[in-house]
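The block underneath contains the structure these notes are about, expressed in structure tokens.
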Amino acid sequence: MSHVSQAPVSTPDVEPAPPAPRSYDEVKGWFSAYDQVLFDWFLARQNDTADAKGDLLELGAFMGKSAIFLAAYLREGEEFTVVDLFDSPAPDGDNLEEVRESYPTLTRRGFEANYLAFHEELPTVIQAPTSVVPDRVRHGSCRFVHIDASHLHEHVVTDIASSKAVAAPGAVVVFDDYRSEHCPGVAAAVWEAVAVGGLRVIAVSASKLYATWDDPEPHQKALLGWLEGRTDLWHGVDTVCGRPLVRIGDHGVAAPPAPALLNPPAEPVVAVTPPAPKPAPRPAPAAAWRAVAKDVLPPVLTRAIVTARRRRG
């Protein structure tokens, strides 16, 4: 299943290559432990389901934290596509200002260095505005779509429409920042799609909204069954626009095992200092004076002193 993508465009080679991360925690990004747990549940469930076929797609990659995580669930014959402006010019003034304020350090070379520290090959990278997705990603081909690109309302509306076009049957579509105070455009666009656009919410966490363009009930039934056995996540069910959705919160959940580095740094060699030699035991007082007497006094006088000390003892 191949996608059509634009030719690779990278940061100019005159810029120094960014250092590779020494652990997954060093990759910059916003990806909570319990959203990692939820991603793992949705993606692993798809991988265990023969009917859940399709590719992976991420709109907005930043430095690659969630992309590195997603790529671990790619199956044989599937493709992972990442769409981001990176350091290309923004398509309009508002988007340009957003990029300058929120992502001043974002470069494609930074993303690639991070990604290749964990995976042998890069995903299909489309360095362009996310509005190109319907023209460059095959329709009906994606089983999992993660949207974390522009926060501007009109751009999010376009990304939502793109997700519908490329979603495979039963696909899971995840929206970041659907309730963040600095992203009202995301909230307005996502909830509008829920209210009147046919988007069906499966579940919500503090940061992400998990949805589908099809029937959410199979996802929700399996999700609730999984949540019932966990004490590190709380959950409840609300009704919005006449349909149930699952609310999920963190009760101390631990992130799943982090993606492993291809070439982990060598363990530092710790120099072992040999223990200092033990000092010779000090002779007991009696032994000490005997040694001195033996060395410096005539034998007759030494015997007299010994005899006198024995009588006092």
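The values are calculated or read from the model by the stated rules, or taken from the named source; none is laboratory data. Since we're looking at a predicted model, the values are computed, not measured. Positions of Cβ are generated from backbone atoms using ideal geometry, with glycine treated the same way; all protein chains shown enter the neighbour counts. Surface accessibility is based on the protein's heavy atoms, side chains included, excluding ligands, DNA and RNA. Shrake-Rupley method; radii C 1.70, N 1.55, O 1.52, S 1.80 Å.
For the range 42-69, which residues satisfy the criterion of being assigned to a loop (DSSP other than H, G, I, E, B), surrounded by fewer than 20 Cβ atoms within 10 Å (Cβ to Cβ) and not hydrophobic (A, V, I, L, M, F, W, C)?
If the condition is that a residue be assigned to a loop (DSSP other than H, G, I, E, B), surrounded by fewer than 20 Cβ atoms within 10 Å (Cβ to Cβ) and not hydrophobic (A, V, I, L, M, F, W, C), then D48, T49, D51, K53 are the ones that fit.
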Of the residues in the range 25-41, those that are more than 25 Å from P264 (Cβ to Cβ) and either open to solvent by 10 Å² or more (accessible area, probe 1.4 Å) or not in a helix (DSSP H, G or I) (or both) come to Y34, W41
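Can you find, within the range 202-215, the residue that is nearest to the chain's Cα centre (by Cα) among those that are open to solvent by 10 Å² or more (accessible area, probe 1.4 Å) and within 22 Å of S162 (Cα to Cα)? Full working, then the answer.
Just the residues of the range 202-215 that are open to solvent by 10 Å² or more (accessible area, probe 1.4 Å), to begin with: 204, 206-207, 213-215.
Those left that are additionally within 22 Å of S162 (Cα to Cα): 204, 207, 213-215.
Details: V204: 19, S207: 14, W213: 26, D214: 28, D215: 29 Å.
Only one residue fits best here, namely S207.
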Can you find even one residue in the range 84-94 that is of a type in the set (A, V, I, L, M, F, W, C) and at pLDDT 95 or above?
no
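For the structure I just gave you, tell me whether R143 is open to solvent by 40 Å² or more (accessible area, probe 1.4 Å) and in contact with a Lys or Arg (Cβ under 8 Å, 6 or more places away or on another chain).
It is false that R143 is open to solvent by 40 Å² or more (accessible area, probe 1.4 Å) and in contact with a Lys or Arg (Cβ under 8 Å, 6 or more places away or on another chain).
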Looking at V137, V173, V133 in this structure, which one is touching a residue at least 60 places away in the same chain (Cβ under 8 Å) and within 16 Å of K53 (Cα to Cα)?
V137
Restricting to the range 207-227, give me the number of residues that are more than 14 Å from D238 (Cα to Cα) and of a type in the set (S, T, N, Q).
2
Grab the helices (runs of 4 or more DSSP H) fully contained in the range 117-224, keeping just those with 2 or more residues being of a type in the set (D, E, K, R).
133-136, 153-166
What number goes with the only condition from (1) over 27 Å from H235 (Cα atoms); (2) within 21 Å of the chain's Cα centre (by Cα) that R143 does not pass?
(1)
